[in-house]
Amino acid sequence: VSTQSTGFMDSCPRYRAYLADEGWKKDAQLFEESQDVEGVVKAVSGRLGMELDLNSTKAIYYLCANEMMSPSQTHDSKFCDLLSDEDLVVLDFMKDLEKYHKYSYSFPVTYQMSCLLLGHVIETMEDSTDSSPVLMFAHEETVVPLFTLLGLYRDSVPLTHDMPNYKDRIFKTSHIAPFAANIAFVRMNCTDRARVKILVNEHVVVPPGCNQDAGCTLEDLKEILKSGAGTCDFDSICGVESEDSPFSTIRLALALLITVTLIQSTYIFFHCIKRCPARRGVGENAYSLSGGEPLLEDD
């Protein structure tokens with residue numbers, strides 16, 4: 001398996017530029033200013049007996065999440081004791097806004113670039129001749145875009161800071177991408193054709209476009225791949241220019257032109273130092289590059 005199949009986000013300039021712009025954080029930042037979040041900060045401050053700011057409240061939330069994965073602290077987390085169920089609903093949505101815009105439906109490139117992985121899965125199942133499992137390991141930024149490309153966990157409206165009834169949304173990363181999140185594609189050789197059962201975190205899911213009762217065929221998955229990412233031209237999706245691209249040629253020509261212009265400007269500057277009369281107020285001396293003898297002196 002190529003690294004690009006599971007680490008596609010690191011090889012995608014258009015996605016890296018999207019992250020660098022940080023516009024994807026706007027909805028989460030606006031929600032942080034809402035009355036719901038303000039209420040959580042006040043409630044946690046009251047339970048702790050000291051005034052907290054939002055960053056301190058976030059820290060308690062993250063520490064609670066980390067303690068929840070410890071068998072010895074799952075039911076005895078002092079940090080989780082500071083958060084009510086209502087607080088967690090608000091803080092979860094705040095975090096989901098970031099994940100949604102960073103990894104999911106907000107920006108098409110975020111899920112289209114996972115087409116390499118889905119294409120690899122389809123190809124592997126087509127070529128499979130035995131029942132040996134094929135295992136791949138990655139991170140949240142790999143599985144969530146793949147879920148999205150499959151059309152899973154999509155709400156009827158985009159997630160925004162002011163969306164109504166956000167508590168009832170489908171996209172909840174604490175459910176779909178917790179610690180040890182996983183997705184499995186199981187090929188089943190049925191009497192009529194090969195079918196694929198998909199499980200997310202050990203629960204069967206059926207993507208839109210597949211038969212809700214019989215599951216997906218390989219043809220269904222190919223159609224999902226095509227409708228979500230076209231021909232899966234990774235370079236086109238991510239804005240990667242090939243060496244023979246006309247845009248690459250233009251960029252190279254511009255770079256050479258700029259270089260030649262700088263060289264000419266440098267030559268003219270130093271030529272002027274040696275030949276042009278001195279201008280008052282520039283300084284006492286102008287020195288040559290090779291020695292310390294003054295070339296120009298003020299009157």
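The values are calculated or read from the model by the stated rules, or taken from the named source; none is laboratory data. Small disclaimer: the values here were computed from a predicted structure and weren't measured. Cβ placement follows ideal geometry from the backbone for every residue including glycine, while neighbour counts extend to all protein chains displayed. Keep in mind that these areas ignore ligands, DNA and RNA; they rest on the heavy atoms of the full protein, side chains included. Shrake-Rupley method; radii C 1.70, N 1.55, O 1.52, S 1.80 Å.
Could you tell me whether segment 74-90 includes any residue that is open to solvent by less than 80 Å² (accessible area, probe 1.4 Å), touching a residue at least 12 places away in the same chain (Cβ under 8 Å), in contact with a Gly (Cβ under 8 Å, 6 or more places away or on another chain) and within 30 Å of TYR111 (Cβ to Cβ)?
yes
Taking the criterion of being under 13 Å from MET94 (Cα atoms), open to solvent by less than 80 Å² (accessible area, probe 1.4 Å) and within 25 Å of the chain's Cα centre (by Cα), would at least one residue in segment 11-20 satisfy it?
The answer is no, given that none of the residues of segment 11-20 is under 13 Å from MET94 (Cα atoms), open to solvent by less than 80 Å² (accessible area, probe 1.4 Å) and within 25 Å of the chain's Cα centre (by Cα).
Taking segment 64-88, which residues are modelled with pLDDT of 95 or more and farther than 19 Å from LYS167 by Cα?
Once the filter is applied, which keeps residues that are modelled with pLDDT of 95 or more and farther than 19 Å from LYS167 by Cα, segment 64-88 yields only LEU82.
Among the residues of segment 96-116, which ones are open to solvent by 50 Å² or more (accessible area, probe 1.4 Å) and basic (Lys, Arg)?
Within segment 96-116, just LYS102 meets the criteria.
From the list TYR100, TYR61, pick out the single residue that is at pLDDT 95 or above, part of a helix (DSSP H, G or I) and more than 23 Å from ASN182 (Cα to Cα).
Among TYR100, TYR61, only TYR61 is at pLDDT 95 or above, part of a helix (DSSP H, G or I) and more than 23 Å from ASN182 (Cα to Cα).
I'd like to verify a number: residues in segment 174-194 that are closer than 17 Å to ILE122 by Cα and either in contact (Cβ under 8 Å) with a residue 40 or more places away in the chain or of a type in the set (Asp, Glu) (or both), how many?
Qualifying residue count, segment 174-194: 4.
Kindly indicate whether any position in segment 117-131 is crowded, with 18+ Cβ neighbours inside 10 Å, in contact with a Leu (Cβ under 9 Å, 6 or more places away or on another chain) and farther than 26 Å from VAL196 by Cβ.
Checking segment 117-131: not a single residue is crowded, with 18+ Cβ neighbours inside 10 Å, in contact with a Leu (Cβ under 9 Å, 6 or more places away or on another chain) and farther than 26 Å from VAL196 by Cβ.
I'm checking my understanding of the structure. Among residues of segment 53-68 that are charged (D, E, K, R) and open to solvent by less than 40 Å² (accessible area, probe 1.4 Å), which one is nearest to the chain's Cα centre (by Cα)?
Filtering first and then ranking leaves LYS58.
Is it the case that LEU30 is in a helix (DSSP H, G or I), touching a residue at least 12 places away in the same chain (Cβ under 8 Å) and open to solvent by 50 Å² or more (accessible area, probe 1.4 Å)?
Spelling it out, LEU30 is indeed in a helix (DSSP H, G or I), touching a residue at least 12 places away in the same chain (Cβ under 8 Å) and open to solvent by 50 Å² or more (accessible area, probe 1.4 Å).
So MET50 fits all but one of (1) open to solvent by 30 Å² or more (accessible area, probe 1.4 Å); (2) part of a helix (DSSP H, G or I); (3) more than 22 Å from GLU98 (Cβ to Cβ); what number is the exception?
It fails just one condition, (2).
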